[in-house]
Amino acid sequence: MIGVPESLCLLTVHAHPDDESSKGAGTIARYRQEGIHTVLVCCTGGEAGEILNPAMDTPEVREHLHEIRLEELAQATAVIGYDEVVMLGYRDSGMAGTESNANPDSFAQAPLDEAVGRLVEIVRRTRPQVMVIYGDEQSGYPHPDHLRVHDIGIVAFRAAGDPGRFPDAGEPWQPTKLYYTTFSVARFREIHLKFIELGLESPFDVTWRERWEGMTEAPITTQVDVSAFGHVRREALLAHATQVDPTSRFWFGLPPEVMDGIHPRDDYQLALVASVTGDGVSITEVDPDTMKEPALQESDLFAGIRAASDASAAT
């Protein structure tokens, strides 16, 4: 079955607690306000994360970091407005070469089919039309868990609608569209320039700017207007007290009213589209170059889906 039910659903897959707040929080808040069912799959508990807020770096917090990060996740997702949060059940893998990365319970060490099967079961139960994962271009921050999100997300999107794959994971359900979140270099350049314009010290030093120049920026096919939801991202980030320093100039160096006006869009790349054919379901890889023209750029992750859903609801 392909994804055209009476109600709309958006499923996002993130690696750690806090990723849901730094990537696409405004999008979720906007769609939740529109009545779209929103589901977060968080793949790990963030156990190997560094404590980036000095005020939280205490022996007690370090001892109970897993439990604390889950509490932070619950607070942040309540702020964002996720209807459902599902833990995929793996341990944070840490960075490549670390002890955490070799842990057999880590996401990086999980058998691919096992992790895909867990995600397929969630997709079939929640029946989203749209899935959001991470892209294949992650050279700027090649965290093993972020890379793994891409690996399992691609396979799960294709497998969820195939009755021959994971037969014990529920009735087949084929999402219609798969998107990648993107890292917008343009947004960070705009933030840097605003610091300079206001006579403030920018957190983006020469090292940062050289890093931008060396990055391959993912193509953008879709920009979702989140201008009314800047506060959601800010409040959700602050809920992750172990990971986000409230005094950080990186996150909070500009006044909120200024920050909210800078690049008030969440950027995505449309990667896969499923459609019904005479032989069943066809999944097409999207060439982003075919969507470069302004008239072809999307402003809605559910572009092309809403009308079908409305028609289904009317019959």
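The values are calculated or read from the model by the stated rules, or taken from the named source; none is laboratory data. Just so it is clear, the structure is predicted and the values come from calculations on it, not from any experiment. Quick reminder, even Gly has a Cβ in these numbers, built from the backbone with ideal geometry, and neighbours come from all protein chains shown.
Here are some notes:
- Within region 193-210, none of the residues are surrounded by 14 or more Cβ atoms within 10 Å (Cβ to Cβ), in contact with a helix residue (DSSP H, G or I) (Cβ under 7 Å, 6 or more places away or on another chain) and within 20 Å of L10 (Cα to Cα).
- In region 195-234, the qualifying residues are those that are β-branched (V, I, T) and not in a helix (DSSP H, G or I), and the one that is modelled with the lowest pLDDT is T216.
- Checking E63 against (1) touching a Phe, Trp or Tyr at 6+ places or on another chain (Cβ under 8 Å); (2) surrounded by fewer than 17 Cβ atoms within 10 Å (Cβ to Cβ), the condition it does not meet: (1)
- From the options E190, E201, residue that is touching a His at 6+ places or on another chain (Cβ under 8 Å) and touching a residue at least 24 places away in the same chain (Cβ under 8 Å): E190
- Of all residues in region 214-234, those satisfying the criterion of being aliphatic (A, V, I, L, M), farther than 17 Å from L272 by Cα and within 16 Å of the chain's Cα centre (by Cα) are V224, V226, V232.
- Of S312, S299, all but one fail to be loosely packed, with under 15 Cβ neighbours inside 10 Å and either within 22 Å of G153 (Cβ to Cβ) or modelled with pLDDT of 95 or more (or both); the exception is S299.
- When we screen E114, E137, E121 for residues that are among the acidic types (D, E), at pLDDT below 95 and surrounded by fewer than 20 Cβ atoms within 10 Å (Cβ to Cβ), the only hit is E137.
- Selected residue (only one of P172, P104, P163 is assigned to a loop (DSSP other than H, G, I, E, B), touching an Asp or Glu at 6+ places or on another chain (Cβ under 8 Å) and assigned by TED's automatic domain parsing to the domain that holds S275): P172
- Residue match in region 108-130 (condition: free of Cβ contacts under 8 Å to residues at least 24 places away in the same chain, in contact with a Phe, Trp or Tyr (Cβ under 9 Å, 6 or more places away or on another chain) and part of a helix (DSSP H, G or I)): yes
- Among the residues of region 63-101, those that are farther than 17 Å from V41 by Cα and not in a helix (DSSP H, G or I) comprise H64, G94, M95, A96, G97, T98.
- When residues in region 54-85 are screened for being aliphatic (A, V, I, L, M) and within 10 Å of T242 (Cβ to Cβ), 5 of them pass.
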